[in-house]
Amino acid sequence: MENALWDGLSAEVRREVDSLVSAGRNVQAIALMREHAGLPTPHLHDCVDVVGQRFSVLRHGPASS
């Protein structure tokens, strides 16, 4: 998954985001991303997009090229 916001997060935060998304806790996943992404704080819409992408990856595996 290529995404500047996702790529900028530490591996630990990414694991936590994936755990939250897997548990259906999307609001908490978004809050975590916004808290750890640094400044400027990412837009809510960008975080929602990442959560949707992570949900798809976690549910269906990475898209094949």
Whenever you get a sec, compute what percent of the accessible area on the chain sits on carbon and sulfur atoms (1.4 Å probe).
-> 51 percent
Between the helical axis of 26-36 and the dominant principal axis of the chain, each derived from Cα atoms, what acute angle in degrees is found, rounded to the nearest 10?
-> 50 degrees
What does the helix-only formula give at 222 nm for the chain: each DSSP H stretch with n ≥ 4 adding -39500 (n - 2.57), the total divided by the residues, and the result rounded to the nearest 500 deg cm²/dmol?
-> -20500 deg cm²/dmol
Percent of C-alpha pairs per 10 Å bin, the chain, short to long = 23, 61, 16, 1
Average accessible surface area per residue within segment 1-49, 1.4 Å rolling probe, Å² | 67 Å²
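The values are calculated or read from the model by the stated rules, or taken from the named source; none is laboratory data. As the structure is a prediction and not an experimental result, all values here were calculated from the model. Calculation scope for accessible area: heavy atoms of the full protein, side chains included, ligands and nucleic acids excluded. Shrake-Rupley method; radii C 1.70, N 1.55, O 1.52, S 1.80 Å.
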